[in-house]
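Heads up: the structure comes next, in structure tokens.
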């Protein structure tokens, strides 16, 4: 597949996180000639936090992670691409258990210390023989770069996705690195497809979980490509504690606010990278909703706009059809008043008080829509609630990618 026109120029330079070692290998889950198994080893004592899909048909890997996350510790992460191992019954669960047992034996730790994710085709049991052969290969592989690890977890992604931020905890600088995959089946009710965050900070699992859950609500749960929530959505955060900072266990501790802000920045960057690689996408769209009765109401209205095929195809066609935005607001099921509604494209107000603005000139809107970065503003006019949602346009490319996905 061609690289997305919204992709960054290059993969960023990401620092080594002390206590984290990345390796990749080929297990052969599909016929592709590429690595499809990522193994990330973590130093003993690494803290764990995570959020997973709210799909009612989750993969056994998601269920495994849900059981492990409350324990708050991790020694390794295993991620395969090419087979989601979802909707595979007891055979899928057995494969997850076999992977965890093999890695735990390799590291002399508990199976519950091993986190596992899979992504790819749904309904095909993960072959245990390929999984075990892949693990033997990856154990023997040389350490690899963040870019190789990010590339290996991809499926229909057109580029590897990663980001880095830092923060000061007292006098100690700590780093946070994230890699993520996702391109389609993106409408997370928690996180996006598969995302992994690594930091050398010393932070308690409970506080890391609190921060990640809050960050998720304003980042990963504010993106959508196609309104489809995956069976496998997982975001995990690992803190190795190797930076040497005084451990952070409460939001009242020095440096907690700085770390939290850095985590939010990192997750926002990763979320945007997923939208920019939306299947067939040519435009990155930011939808700013204000004036709703509550923030939650604003979020739901924003998602209704972002998930509307009519809105998304109009933007793909660079058509300033603001009536479709009115439609999306109206169907959201949230409090709204037609005669108080205002809409703008970019810096241009197009409608207010239920009517097109006097002397409305479509030319500047048309010019805005020809760009790759689209801003759509909606003021409901009822209260103080606000939300920002990120999405992409809907093109023929999306249909082509998904019509041919299994082949």
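Of note:
- Each of 193, 211 was scored by other Cβ atoms within 10 Å of its Cβ. Arranged with the fewest first, they read 211, 193.
- Gained length - residue 356 relative to residue 373, 0.36 nm times residue gap less alpha-carbon distance: 3.8 nm
- To the nearest ten degrees, helix 89-107 and the longest principal axis of the Cα atoms of the chain are 60 degrees apart.
- Point-to-point label distance, residue 213-residue 347, nm (Cα→Cβ direction, 7 Å offset): 4.3
- Across the stretch 1-123, C-alpha contacts under 8 Å between residues 6 or more apart give a mean separation that, scaled by the residue count, equals a relative contact order of 24 percent.
- Highest-fluctuation residue, 357, 329, 248 considered, GNM on the chain with Cα pairs under 10 Å: 357
- Compared with the dominant Cα axis of the chain, that is its longest principal axis, helix 205-218 is turned about 30°.
- Mean Cβ count within 10 Å, highest first, over the residues of peptides 127-138, 282-293: 282-293, 127-138
- Here the stretch 200-229 is scanned for amide nitrogen atoms under 16 Å from the site 7 Å beyond the Cα of residue 87 along Cα-to-Cβ, giving 228-229.
- Theoretical FRET efficiency, 1/(1+(r/R0)^6), r = Cβ-Cβ of residue 337 and residue 363, R0 35 Å, to 0.05: 0.75
- FRET efficiency, residue 257 to residue 31 (Cβ-Cβ, R0 56 Å, nearest 0.05): 0.70
- For the stretch 11-52, the residues whose backbone nitrogen is under 14 Å from a point 7 Å from the Cα of residue 107, taken along Cα to Cβ, are 19-23, 38-49.
- Sorting 91, 3 from the fewest to the most surrounding beta carbons within 10 angstrom yields 3, 91.
- Taking the C-alpha atoms only, the angle from helix 295-306 to the longest principal axis of the chain is near 80 degrees.
- Under a Gaussian network description of the chain, with springs only between Cα atoms under 10 Å, the residue in 28, 178, 359 that fluctuates furthest is 359.
- The stretch 102-166 and the stretch 324-391 have their alpha-carbon centroids 43 Å apart.
- Dividing the mean sequence gap of close Cα pairs (under 8 Å, 6+ apart) by how many residues the chain holds gives a relative contact order of 17 percent.
- Across 82, 353, 241, mean-square fluctuation computed from a Gaussian network of the chain (C-alpha pairs under 10 Å connected) peaks at 353.
- Label separation (residue 66 vs residue 129): 3.2 nm, computed from points 7 Å beyond Cα along the C-beta direction.
- Exposure proxy ranking, count of Cβ atoms within 10 Å, fewest first, for 375, 20: 375, 20
- Estimated FRET transfer efficiency when R0 is 41 angstrom, pair residue 94-residue 140 (beta carbons, to 0.05): 0.95
- The stretch 31-63 versus the stretch 301-323: alpha-carbon centroid distance in Å: 34
Computed from the coordinates by the stated procedures, all read-outs in this text should not be read as laboratory data. Just so you know, these numbers come straight off a predicted model, no measurement behind them. Heads up, the Cβs are rebuilt from the backbone with ideal geometry, glycines too, and the neighbour counts pull from every protein chain shown.
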